[in-house]
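These notes concern the structure reproduced below.
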Amino acid sequence: MTSPVVTNDQPAGDLAASDQQAELGDLLDRHRVELTGYCYRMLGSGFEAEDAVQETMLRAWRFHDRYDGRASLRSWLYRIATNVCLDALEGRKRRARPMDLGPAQTADNFALGEPLPDAAWVQPVVDGQVLPPSGDPAEVAVARESIRLAFVAALQHLPPRQRAVLILREVLRWRASEVAELLDTSVASVNSALQRARATLEAIDVTSADPMRVDDEGQQKLLARYVDAFERYDMDALVALLHEDATLSMPPYALWVHGPAEIATWMSGPGIGCAGSLLVPVEVNGSPAFGQYRRDPAGGHVAFALQVIEVADGAVTAINAFLDTEKMFPFAGLPLRRD
């Protein structure tokens, strides 16, 4: 948060107030990344998470005189962020993935349909916005796992307060008493909500995926082979990397295809324009990800999709190609053209 500008000709009282405001701004900013991660899991959109955290900071700035110190500043900020998220979720349909909306289509008999609005989809988030740059490796691993697309999509099936309870208890490891105080409820209610949330996630059967590890030689080789096969547009080589249940989806369209053969047929037919693409690695959703640039007939390459790749058991299980590049690429720090 930007602190007020202090000039040398300000009175001493004003300087003291400015120093206090600057100190408050620094204290609030220390919690920005973890709050963005919390809001992302609640809302399912990196863009909305940023807005929610900004609103949290504004409310904290505006009402800091009401902070009485009985709870930690971190707990107080989480209370504000939770209320912001609950307000945003009121009366709203859950965000989803294409696989949640209907059966797979066949690549040789498909209907692209009309694009659905942004609010329909679980949207990606950049790792740097929601993951701490350092910390306990076990905690960082849990944080990565809990921002995977599949997990965030599963969270959207929970009522908002259950969602908050599960995130606070299971991901952030808050005590039941702390969550009860934050939500102004009882420990028994928190424990009951957690049990119901766990049962819902178990029924959904969230697809497991291998966590992204930069020191995993096998994973790095798999990704290098994926990039090589995709950029050469070698369907035989690409199919060899796909899990038998692999999926290809393309939000904002509800279309998705299932299985290596269908994915290869799609790419060789309707998706043939992707031949000659370049893939640029980015860090998104704790998963392997790439900015895909398609060849531009006028020269160079133009942004086409943000690919978030899911990997399990040494194979690619999902290619999630987000096509709204006008928003996604700047969000991920990628240019819209490569010349």
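The values are calculated or read from the model by the stated rules, or taken from the named source; none is laboratory data. Bear in mind that the values here come from a model prediction, so they are computed numbers and not experimental data. Cβ: placed from backbone, ideal geometry, glycine included. Neighbour counts: every protein chain shown. With ligands, DNA and RNA removed, areas are computed over all heavy atoms of the protein, side chains included. Shrake-Rupley method; radii C 1.70, N 1.55, O 1.52, S 1.80 Å.
Annotations
- Verdict on ALA111 being in a loop (DSSP other than H, G, I, E, B) and surrounded by fewer than 19 Cβ atoms within 10 Å (Cβ to Cβ): yes
- Among all positions in region 74-81, there is at least one residue which is open to solvent by 50 Å² or more (accessible area, probe 1.4 Å) and modelled with pLDDT of 90 or more.
- Residues (of a type outside the set (S, T, N, Q) and either open to solvent by less than 20 Å² (accessible area, probe 1.4 Å) or closer than 30 Å to GLN129 by Cβ (or both)) located in region 265-287: MET267, GLY271, CYS274, GLY276, LEU278, LEU279, VAL280, PRO281, VAL282, GLU283, VAL284, GLY286
- Condition met for ARG94 (of a type outside the set (A, V, I, L, M, F, W, C), in a loop (DSSP other than H, G, I, E, B) and out of contact with any helix residue (DSSP H, G or I) (no Cβ under 7 Å at 6 or more places or on another chain)): yes
- Long-range neighbours under 7 Å by Cβ, at least six apart or interchain, first residue among the polar types (S, T, N, Q) within region 95-108, second open to solvent by 40 Å² or more (accessible area, probe 1.4 Å) and at pLDDT 90 or above: THR106/GLU262
- Test: residue in region 161-183 that is basic (Lys, Arg), closer than 21 Å to GLN123 by Cα and more than 15 Å from the chain's Cα centre (by Cα): yes
- Taking the criterion of being over 21 Å from ASP87 (Cα atoms), touching an Asp or Glu at 6+ places or on another chain (Cβ under 9 Å) and either open to solvent by 60 Å² or more (accessible area, probe 1.4 Å) or assigned to a loop (DSSP other than H, G, I, E, B) (or both), the residues of region 133-170 that qualify are SER146, ILE147, ARG148.
- In region 97-108, the residues that are of a type outside the set (S, T, N, Q), open to solvent by less than 70 Å² (accessible area, probe 1.4 Å) and in a loop (DSSP other than H, G, I, E, B): ARG97, GLY102, ALA104, ALA107
- Filtered by the rule that a residue be in a helix (DSSP H, G or I) and either over 22 Å from THR36 (Cα atoms) or among the aromatic types (Phe, Trp, Tyr) (or both), region 177-188 gives SER177, VAL187, ALA188.
- Region 211-257 - residue that is acidic (Asp, Glu), closer than 21 Å to VAL284 by Cα and not in a helix (DSSP H, G or I) and, of those, modelled with the lowest pLDDT: ASP215
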